[in-house]
Structure formats: C-alpha cells, structure tokens
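Please read the structure below before turning to the comments.
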Amino acid sequence: MHEEMSDEALMLAYRDGDAAAFEALYRRWRSRLYRHLLRQCGNGAQADELFQDIWLKVVNARKGYEAAAKFSTWLFRIAHNRLIDHYRAQGRAHLASYDDDPDDDAAAAALPAAASQQPEALLERKALALELVRHIEALPAAQRETFLLSEEGELTLEEIAAATGTNRETAKSRLRYAVSKLRSALKDLK
Amino acid sequence: MSDDIRDEQLSRLYREAPAAEPRAALDAAILAAARAAVSAVPPRRRAWWQSWTLPMSIAASVVVTVTLTLMVQQEEERALTGAPAAQRAPATVAPEKTDAADLAARPAPPPATPLKQAPSPTPAPHEAARPPAAPAPVAVPKLAEEPPAAPAAAAPGVAEKRQQAAPAADVVEMRARPAPLRKDAVGAAPARTPEQWLEEVRRLKQEGKEKEAAEALAEFRKAYPDYALPEDLR
C-alpha cells in the first residue's frame, strides 16, 4: 500500500501518525541522501551525523509539512541548511568555498590532476566512476551541491534553487560549471 | 532532471560508483525515533483527565480553604459568644426569674411607686419575707434553696396577674437593678427579695427598733450597694 503512495502522501500520512509511512519514505530516500552528504563532506562519520540530524529534523518538522511542497525539495532544503551549519562549524574555508562560488578556470585547475599515473586501473569502469566521485568531491561546495541535488535528488533547476535558497539562474550557472569541470576531468581520464 | 545541462554520460558513470549506504544501526536509530515521535500521541487520550488535574486541584484547594475559614470563623464566634454567655447565663437568666418572682411576691399593687416600694397595709408580704412562716401564696425565687412546695404552685398565676397589673415604670426600675450581687444577697438571705428586705427594715423602724433597722439597712446596702433606696429609708 505504501509503495504506491507518492512521497508527499507518505509524508502527510506520517504527519498524521502513520509510522509505517515514514519507513517507506525513508527507504526511498536514505541511500540518495546519504550519498549526497557523503560526497559533500567526504567523511563517513560526519555524513552519519548529518544524515541522522536531517532525518530527525524531518521527524520533528512533520507537523509543518504541507503537501504543496515536493518532499524531495523539502528534504534537500533541510539537508542544505544542515550543511551550511556544518560548514560554519568547520571553519571559514568551507564557507568561503560555498559563498565565493569560484567558477573560473583557476578553480578547475584546482581539480585533482588526471590520474594518468594509473592508466590501467582507470580504464576500468568502476575505477573511472570512483575517479568521478573524487572529482565531484573536489568541486567548489555550491557547484558540488548543485550537481548532487541534480543527480541524487533528481531535482529540477527550480527545485534546486528552492532547496538552496537561490534563484534558477544561479542554480543553472552552478550546475553548468560543475558538469563542465567533470567532463573536462573525464576527458583527461579517458 | 536539470534540463539540458545534464550530461547523461556523466550521470550514468556516476551511478556506477560504489553505492554508499548508511549503516544499519543508523537506520534503526532513525526509524525508532520516528516511531517514538508518533507513538507519543497517546498522551492525547489521557488529556481528558490530565487537563482537569490543574483546575480540579485548584478547586479542591479553594473548597478546603473556604471550609477551614468558615470553621475557624464559627469557632471564633463560638469562643466569643459561647463562653461569656455561659458566664453571663446566671446573670441574665436569674434576674428575669427573680423579677417574675419579685412581681409575684409583691403585695397588692400600689401602682404609682416607680422607685419607692410603698408600704403595704397587708401583712402578707411580711409573712412572705419569712418563708418558713409564709402562709400566703407567694412565689419563691427559683434560686431559693428550699422553696415551699404548696405556695409555689399558686405562684405562676399570681405572678402573671401582678405582672400584667404592674406599671411600666416598675418594670424599668426592676430591669435597672444591679444583678451580679444579687446572687450573694440571695445566698445570704434566701427567699428574701430586696423589697421584702426593705419592708423588714420599715417594719423594724415602725416598731421603734431603730438599731435593728439600721443594721438591717446596712446589711442591705452591703448586699445591694447600687440599689436606689426609697426616700423614707435614706
């Protein structure tokens, strides 16, 4: 029964006291949210902490949830706010990375050098994917978040803008730079 | 998802990256917290009586406070009125009784003597002043230790008649009489009212027994220091 329900219907059911609806919703989004966080902070322990905090916020904020908001957008907005707090706690470097949103070639140059030292391994598809993840993690915070919201959250530009508290054009610009850098890195790898 | 910017080749490669999953313990903790949050609803069921606990306790406190206050007030009133009443009882009740007795004991009505007890021509009062020898139907005050049985039976009727005939001034005089010492006086000379006593003094005077009369009067004044003496005895 819960499998056929939309995310929004499940969240409303949970808001009204259906614990099983939350479990179904959690199963749908747990992996994607966890990866989104893990790629953002690059640290399993920190990802665990953020992950738990975000879901507890979902639980505690259930009364304020309105069906008008898409659940995934709402979930990733909570994640975004928690990440900003996390960056603040980590220090200015991370925040600067997010706020300055470097999108010039200098930032691209900061990407890890193509691992041409290990050509055999990189030819493997899995290894290539891992290398992609490394490059994603090395992106400036805002671009990385935008790319992950698109991939893991499957959000549209409007939804990314809503989740990150910005406008569609900014979201589009960030995503374009992120994709461009990753393509460039993959070309080097290939 | 993100319009034309998205690179499908890039997305496909990203999905081939090793899947990172949250730990099972993390799943269990989050799901338990989520269940606990909604299973905490039962307090609503208890709310019907829980919501009444505060008003009920306040109401109970008010009832107890009011009850205690009323009880204390009643006790105070009882302490203020009850005890003195008990002390005053002889003083307030006795005069009335003795007044009635006085009226009954009084001889034939000499109506116009507010402050002065007119000497009666009949010997009856004189006789009545000496209970052992009292032949007349005279009322004896209840304070008397040995009330004569037979005459007392007729007393109420006589007293009633006399009382009806008594002028208002007499009543005023009698009410104004000092009460407290009367008990002693009665104790000293049982069955003798002040009027009878004064009659005795007059009789002694008339008989020329001035010394005895003076002594009797002195004794009377000792017993009734506040009594307004008739002019003929001053």
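The values are calculated or read from the model by the stated rules, or taken from the named source; none is laboratory data. What you are looking at is a predicted structure, and each value in this text was computed from that prediction instead of being measured. Neighbour counts run over all protein chains shown; Cβ positions are idealised from the backbone, glycine included. In case anyone asks, the SASA skips ligands and DNA or RNA and just uses the protein heavy atoms, side chains included. Shrake-Rupley method; radii C 1.70, N 1.55, O 1.52, S 1.80 Å.
Brief remarks on what is shown
- For region A:157-169, a tally of residues being open to solvent by 40 Å² or more (accessible area, probe 1.4 Å) and free of Cβ contacts under 8 Å to residues at least 60 places away in the same chain returns 5.
- Filtered residue count, region A:46-72, keeping only those that are open to solvent by 40 Å² or more (accessible area, probe 1.4 Å), within 11 Å of chain B (Cβ to nearest Cβ) and within 16 Å of the chain's Cα centre (by Cα): 3
- Taking each residue of region B:53-74 that is part of a helix (DSSP H, G or I) and looking for partners that are open to solvent by 80 Å² or more (accessible area, probe 1.4 Å) with beta-carbon atoms closer than 9 Å, six or more apart or interchain, yields B:MET56/B:TRP49.
- Filter result for B:LEU80 (farther than 30 Å from A:ARG125 by Cβ, open to solvent by 70 Å² or more (accessible area, probe 1.4 Å) and at pLDDT below 85): yes
- Candidate set from region A:7-45 (those that are in a loop (DSSP other than H, G, I, E, B) and free of Cβ contacts under 8 Å to residues at least 12 places away in the same chain); member that is most open to solvent (accessible area, probe 1.4 Å): A:ASP16
- Residue among A:LEU111, A:LEU95, A:LEU123 that is at pLDDT below 80, open to solvent by 10 Å² or more (accessible area, probe 1.4 Å) and closer than 20 Å to A:SER180 by Cα: A:LEU111
- Cβ separations smaller than 7 Å between residues 6+ apart or across chains give the following pairs from region A:126-139 residues that are outside any helix (DSSP H, G or I) to residues that are buried (at least 19 other Cβ atoms within 10 Å of the Cβ) and modelled with pLDDT of 90 or more: A:LEU139/A:PHE147; A:LEU139/A:ALA178; A:LEU139/A:LYS181.
- Residue list for region B:12-26, filter: within 7 Å of chain A (Cβ to nearest Cβ), closer than 18 Å to A:TRP29 by Cβ and either assigned to a helix (DSSP H, G or I) or touching a residue at least 60 places away in the same chain (Cβ under 8 Å) (or both): B:TYR14, B:LEU26
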